1. Name the single residue that is nearest to Ala351 (Cα to Cα) among those in segment 300-316 being under 32 Å from the mean Cα position of the chain (by Cα) and not aliphatic (A, V, I, L, M).
2. Modelled with pLDDT of 65 or more, open to solvent by 20 Å² or more (accessible area, probe 1.4 Å) and over 16 Å from the mean Cα position of the chain (by Cα): does that describe Pro121?
3. Which of the residues that make up segment 44-93 are hydrophobic (A, V, I, L, M, F, W, C), within 14 Å of Ala136 (Cα to Cα) and more than 23 Å from the chain's Cα centre (by Cα)?
4. Within segment 254-279, take every residue that is of a type in the set (S, T, N, Q) and surrounded by 15 or more Cβ atoms within 10 Å (Cβ to Cβ) and give me the one that is nearest to the chain's Cα centre (by Cα).
5. Could you tell me whether any residue of segment 300-320 is farther than 14 Å from Arg251 by Cα, at pLDDT below 95, assigned to a helix (DSSP H, G or I) and open to solvent by less than 20 Å² (accessible area, probe 1.4 Å)?
6. Run Thr379 past the list (1) modelled with pLDDT of 95 or more; (2) touching a Ser or Thr at 6+ places or on another chain (Cβ under 8 Å); (3) not acidic (Asp, Glu) and report the number of the one that doesn't hold.
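The values are calculated or read from the model by the stated rules, or taken from the named source; none is laboratory data. This structure is a prediction, so every number in the text was calculated from the model and none was measured. Note: ideal-geometry Cβ built from the backbone for every residue, glycine included; neighbour counts use all protein chains shown. Heads up: the accessible areas ignore ligands, DNA and RNA and are worked out on the full protein's heavy atoms, side chains in. Shrake-Rupley method; radii C 1.70, N 1.55, O 1.52, S 1.80 Å.
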Amino acid sequence: MKEDTRESRRTASYFRYALAAFAALLVLSLGMTLIPRPAPEPPAPPFSEQARASALAETLRLRAASQQLAADSSGAQRLIYSRTVTLLTTQARALLLPSDAPSSDDAGGALTAPPDAGPSPSASGSAAPAAAAPLATAPSLAAGLSASGRLRLTHAQTADGGMARLLAAVGTAQLVQAVALAEASGTAVPALPPAPAGPRALAAACRPSANPSPSSAPAGQAAAVSPVPTEGAAPPTGEASDASATAALRRVVRTEVETVYGYQVALTRLDGQAAGQLARDLLARHEALVDEAETHSRVYCAPVPPREPGYALDASFLKNPATGLASLEAGTLPVYGDLVALSDGPTRQWAIASLLGAAQRAVRWGSDPGPVPGLVLDTSQLPPLPETATPTASPSSPPA
């Protein structure tokens with residue numbers, strides 16, 4: 001009888017322990033269910049988006065500084081500052097996305113750079129030394145434009161094709177404007193980025209293009225060379241649909257060969273020793289560019305276009321060769337912009353450096369390469385930029 005009682009008590013104890021354990025487990029499970037899990041952090045934006053947002057924030061900052069300097073100056077100084085404001089405004093509109101623009105419901109209407117907007121230092125390869133520097137003087141603004149332009153060209157080397165072309169165009173224009181601003185204010189001219197390694201350093205073996213050419217072109221679209229390229233001219237009609245690095249290189253070779261011919265003709269008609277010496281120097285550079293473009297073509301297994309004995313030049317070129325050379329130089333900008341977008345690696349680096357060189361040569365002949373050299377841009381199609389647009393720094397934003 002006593003043994004039965006002990007067994008019953010032992011069984012009751014086990015039951016109570018089991019019931020208590022079950023109750024504790026139930027409470028814990030309900031608590032874990034009711035406590036919400038922390039939301040996962042959003043993935044980092046792609047590098048191209050980071051580079052675009054970084055360029056937008058820095059362009060807005062430089063624009064605000066230019067507006068301040070323009071308001072505090074007069075005469076020729078005000079003109080150069082106002083031109084800088086116009087250039088940076090167009091660039092900011094080109095870099096703007098609809099999601100960046102303030103909505104009509106926003107009371108302040110201020111444009112802010114998104115958080116996590118800048119490329120990480122490891123991705124960009126360099127920091128922005130002028131990011132925190134004051135921009136209240138012409139030398140500091142020129143330095144800021146130069147630093148921003150150099151960084152845009154660095155980011156263009158690894159960004160996606162279309163964004164690479166936009167970043168290269170923005171960076172090129174900012175570097176050109178930095179030089180113009182420094183010269184106009186009598187300050188030291190900022191140093192330009194060093195040229196990439198020559199084509200001899202490229203691998204001997206060719207490789208297929210990253211963007212294969214279409215197997216055939218539409219009927220009636222035979223390749224043709226424009227007699228005299230105009231500023232902002234589009235690629236030749238016969239190759240407009242051939243979006244590949246090999247096609248872009250063919251256009252570069254043909255454009256450079258034609259430019260060499262234009263310089264050869266202009267040398268016999270230019271007035272003044274200074275103009276003649278400038279033409280001879282730039283002719284030698286274009287002859288070197290032809291050789292370099294042909295070398296890059298072989299890297300992409302692209303056939304080198306045959307050189308024509310001559311090209312048609314209109315009467316206006318023969319009458320005013322300096323203006324004609326300015327038009328020829330401006331005509332090289334779109335083809336180098338295409339090559340930036342369609343190539344990669346050393347060829348893209350060469351295309352970016354060549355785009356900057358072409359813009360500088362156009363300026364030397366009195367041509368304006370525009371706010372986005374190398375990119376045919378219809379400004380009427382760009383989103384408007386609010387007048388109150390100002391960059392807002394974010395603690396989580398990496399250096400521009």
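1. Going residue by residue through segment 300-316, those that are under 32 Å from the mean Cα position of the chain (by Cα) are 300-307.
Checking which are not aliphatic (A, V, I, L, M) leaves us with 300-301, 303, 305-307.
Values: Tyr300: 14, Cys301: 17, Pro303: 18, Pro305: 18, Pro306: 21, Arg307: 21 Å.
Within segment 300-316, the match that is nearest to Ala351 (Cα to Cα) is Tyr300.
2. Numbers: modelled with pLDDT of 65 or more: no; open to solvent by 20 Å² or more (accessible area, probe 1.4 Å): yes; over 16 Å from the mean Cα position of the chain (by Cα): yes.
The answer is no for Pro121.
3. Leu69, Ala70, Ala71
4. Filtering segment 254-279 for residues that are of a type in the set (S, T, N, Q) and surrounded by 15 or more Cβ atoms within 10 Å (Cβ to Cβ), the one nearest to the chain's Cα centre (by Cα) comes out as Thr255.
5. yes
6. Looking at each condition in turn, Thr379 falls short on (1).
Each row is one residue, and each column tells you yes or no for (1) open to solvent by less than 10 Å² (accessible area, probe 1.4 Å); (2) on the phi < 0 side of the Ramachandran plot; (3) modelled with pLDDT of 95 or more.
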{"position": "Ala51", "(1), (2), (3)": "yes, yes, yes"}
{"position": "Leu60", "(1), (2), (3)": "yes, yes, yes"}
{"position": "Val85", "(1), (2), (3)": "no, yes, yes"}
{"position": "Thr90", "(1), (2), (3)": "no, yes, yes"}
{"position": "Leu95", "(1), (2), (3)": "yes, yes, yes"}
{"position": "Asp100", "(1), (2), (3)": "no, yes, no"}
